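Enquirer: Dropping the structure in here first, questions after.
The values are calculated or read from the model by the stated rules, or taken from the named source; none is laboratory data. Please read these numbers as outputs of a predicted model, since none were measured by experiment. Quick reminder, even Gly has a Cβ in these numbers, built from the backbone with ideal geometry, and neighbours come from all protein chains shown.
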Amino acid sequence: MTKPTVIDFFCGAGGFSEGFRQQGFEIIKGVDHWSPAVQTFNHNFGLADEPRNILDYWESIDLINELPNTDVIIGSPPCVSFSNSNRSGKADKSLGLRLTEVFLRIIAVKKFQQDSILKAWFMENVTNSLNYLARHYKFRNLNLYDWAKQNGYSPDKVVISIEGNSMVINSAEYGSAQARKRAITGELIEKGAFIIPPKTHSINHQVDQDLLPAKTLGSVKRNLPKPNVKKSSRRIQDPLYPQINIPLSQITDHFYDSGLYKCQWKNSHFMKRNHPYMGRMSFPENENKPSRTVTATNIGISREAIIYKSEFNRIGDGEYRVPTVREIASLMGFPITYQFLGGSETSKCRLVGNAVCPSVSRALAHTVRAQLGLDPIEQLIIQTKANPKGVVNLNTFLENTFDNPPIKKAGSRFRRHPFKYGNITVTLSNYDVTNAKPSGKWITSVQYGNGEGYPSKNYKDGYYLEVEPLIQKFEGGKTFIELINNGFSEKIAHAEKLQKMYEMQEAESPFLEPTELIEELGKIIDQFTFESPNFKQNGSAIFDKKQTVPKKQFMALYAINKICTTANTEADE
């Protein structure tokens, strides 16, 4: 048999196709509407396709008939509207559903057309997509009512089954150095079912000792050259594909400074380590296990950001960095010879972060080969030489100067708490947390519990005076009050300046911007230890939803209310 053929829809950078190529399949076409994706696909697979909006195939059977017939159809409909991270999963799902339905429509035609050669199809998407897709699709559901009748089928025939043919797959269990969970739906046509590929790696090797241990983030990071090395002619072996050994000078999109401003990595640190209602995460990354999911943005300010300690010896600005494009490409499973043609770092990160992990598609391709009775591939088919011709290379071999810090929009919202103890947070904000409305003043509030809908209460300015007598009874309480009122309070600016410093993300001596105020407060309170860390209120309404409250939360309430009172009073004057 000649090489089995593949067409890739929503092809993006080509990760889905790369896994099939590694298993001896011939990639004959990629369909995507985004020009950098099509250019990248063409470059790596030697094609000359043009961008195409897949929605064009919803109304036109002729366009579908013009597509080449292939043994395999693969596709990864855009996942952004299905993702839980998209506005807390509340985004409009209609476009994502229609794009998926167009893809399934193409499969239905190619599967049931006369003399069909289709042997298998696969679709990848975020796990949440399975909550919105129909369990089964009939011809009529895919705008194929007339086509079905013309070809001798009932319009109510079930042609695509999602239920029973879907599986959530973790890429780390198939050889990626990334724990990326995605829903895979598909069908081996002869079997009429999706055959789950056997796992090759184990995240918990003590339990699954018959499998290889999962690759770790560190195993990839350590085996790539450091981004701050000097130009060299030495050769580099791919951390995932030992047969690839190329000169360091041929590695693209890696030798540049991806350092973050202090205000950026500090925000990520807070969201990872002290989020109001989500668990703690490593900062910087834990390199002894697979990486967390690579995202399409690769910005260093969010909870989802992947953060490394920079190889440059710096404190503050540039102390931490995001991975280079080449590093995230290796975490995804791309060979170091694979090229990305987006002109900017932003475009390249989008190309990589939206891709399908080649290790997963390679496992799917392996099941298809077995179904077709083809011999297994002993040596993966890899592009061992880099082809950087026409590629805009991000390499500079230079260290950044951090002289243009990012600023926030006027009126940007602020919300921070120094710590979370006893399932309570005491919060400083410039808006009303209880109803998410602007306030025009700085507000003290307390939140109980986790997630949306948790009880929240605001405190009036000057309330710290009601808390002070109680704190004075704590061990070290008088010392704490002295620290807040003599030294800390002098660093509190009036409300407008506090807001302005937050927007500029830079303090103006002798004041601290609000992020720094909360950080310093946390350090002050952490100096104090108590033989009995909790206080039983015995009917007190200071924390009205809890009887027993950590003493440090009383301290936080006192100090944050002092910040608000001072800032708002200065503004009133």
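Enquirer: Here is a list: SER233, SER258. Which entry is closer than 30 Å to THR384 by Cα and crowded, with 16+ Cβ neighbours inside 10 Å?
Expert: SER258
Enquirer: Okay, next question. If a residue must be buried (at least 20 other Cβ atoms within 10 Å of the Cβ), at pLDDT 90 or above and not in a helix (DSSP H, G or I), how many such residues does segment 48-98 contain?
Expert: The total comes to 8.
Enquirer: Out of all the residues in segment 129-143, which are in contact (Cβ under 8 Å) with a residue 40 or more places away in the chain, buried (at least 17 other Cβ atoms within 10 Å of the Cβ) and farther than 28 Å from PRO358 by Cβ?
Expert: ASN141, LEU142
Enquirer: Further, regarding this structure: Looking for something loosely packed, with under 14 Cβ neighbours inside 10 Å and in contact with a helix residue (DSSP H, G or I) (Cβ under 9 Å, 6 or more places away or on another chain) - is there at least one such residue anywhere in segment 513-531?
Expert: yes
Each row is one residue, and each column tells you yes or no for (1) assigned to a helix (DSSP H, G or I); (2) at negative phi; (3) surrounded by fewer than 24 Cβ atoms within 10 Å (Cβ to Cβ); (4) not assigned by TED's automatic domain parsing to the domain that holds ASP32.
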position: PHE312; (1), (2), (3), (4): no, yes, yes, yes
position: ASP317; (1), (2), (3), (4): no, yes, yes, yes
position: ARG326; (1), (2), (3), (4): yes, yes, no, yes
position: THR337; (1), (2), (3), (4): no, yes, yes, yes
position: PHE340; (1), (2), (3), (4): no, yes, no, yes
position: GLY343; (1), (2), (3), (4): no, yes, yes, yes
position: VAL352; (1), (2), (3), (4): yes, yes, no, yes
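Enquirer: When the residues of segment 118-128 are narrowed to those that are over 15 Å from ALA365 (Cβ atoms) and touching a strand residue (DSSP E or B) at 6+ places or on another chain (Cβ under 6 Å), which ends up surrounded by the fewest Cβ atoms within 10 Å (Cβ to Cβ)?
Expert: Of everything passing the filter in segment 118-128, THR127 is surrounded by the fewest Cβ atoms within 10 Å (Cβ to Cβ).
Enquirer: Can you tell me which residue among LYS497, LYS478 is closer than 30 Å to PHE402 by Cα, modelled with pLDDT of 95 or more, among the charged types (D, E, K, R) and outside any loop (DSSP other than H, G, I, E, B)?
Expert: The conditions single out LYS497.
Enquirer: Turning to a different aspect of this structure: Kindly provide the set of residues from segment 33-83 that are among the hydroxyl-bearing types (Ser, Thr, Tyr) and closer than 25 Å to GLY342 by Cα, ordered by number.
Expert: Result: SER35, THR40, SER76, SER81, SER83.
Enquirer: MET167 fails exactly one of the following numbered conditions: (1) within 26 Å of GLY373 (Cα to Cα); (2) within 20 Å of the chain's Cα centre (by Cα). What is the number of that condition?
Expert: Exception for MET167: condition (2).
Enquirer: When you scan segment 21-32, how many residues do you find that are under 18 Å from TYR338 (Cβ atoms) and β-branched (Val, Ile, Thr)?
Expert: The number of residues fulfilling the criteria is 1.
Enquirer: Further, regarding this structure: Among ALA567, ALA571, which is surrounded by 14 or more Cβ atoms within 10 Å (Cβ to Cβ), at pLDDT 95 or above and among the aliphatic types (A, V, I, L, M)?
Expert: ALA567 is the lone residue from the list that is surrounded by 14 or more Cβ atoms within 10 Å (Cβ to Cβ), at pLDDT 95 or above and among the aliphatic types (A, V, I, L, M).
Enquirer: SER233: out of contact with any Cys (no Cβ under 9 Å at 6 or more places or on another chain), assigned to a loop (DSSP other than H, G, I, E, B) and among the hydroxyl-bearing types (Ser, Thr, Tyr), yes or no?
Expert: Judged against the criteria, SER233 is a match.
Enquirer: So, in segment 481-519, of the ones that are β-branched (Val, Ile, Thr) and over 31 Å from the mean Cα position of the chain (by Cα), which residue ends up nearest to ILE443 (Cα to Cα)?
Expert: Applying the filter and picking the extreme gives ILE492.
Enquirer: Filter segment 354-380 down to the residues that are over 16 Å from ARG180 (Cα atoms), buried (at least 20 other Cβ atoms within 10 Å of the Cβ) and of a type in the set (S, T, N, Q) and list them by number.
Expert: THR367
Enquirer: Could you list, in sequence order, the residues of segment 354-387 that are small (Gly, Ala, Ser), within 25 Å of GLU190 (Cβ to Cβ) and assigned to a loop (DSSP other than H, G, I, E, B)?
Expert: Selection gives GLY373 alone.
Enquirer: Related question: Can you list the strands (runs of 3 or more DSSP E) lying wholly within segment 393-473 that have 2 or more residues being assigned by TED's automatic domain parsing to the domain that holds LYS552 and of a type in the set (D, E, K, R)?
Expert: Qualifying strands (runs of 3 or more DSSP E): 437-448.
Enquirer: Could you check how many residues of segment 270-294 are surrounded by 17 or more Cβ atoms within 10 Å (Cβ to Cβ) and polar (S, T, N, Q)?
Expert: The number of residues fulfilling the criteria is 3.
Enquirer: I'd like the full set of residues that are among the hydrophobic types (A, V, I, L, M, F, W, C) and under 19 Å from GLN383 (Cβ atoms), limited to segment 31-51.
Expert: Hits for segment 31-51 are ALA37, VAL38, PHE41, PHE45, LEU47, ALA48.
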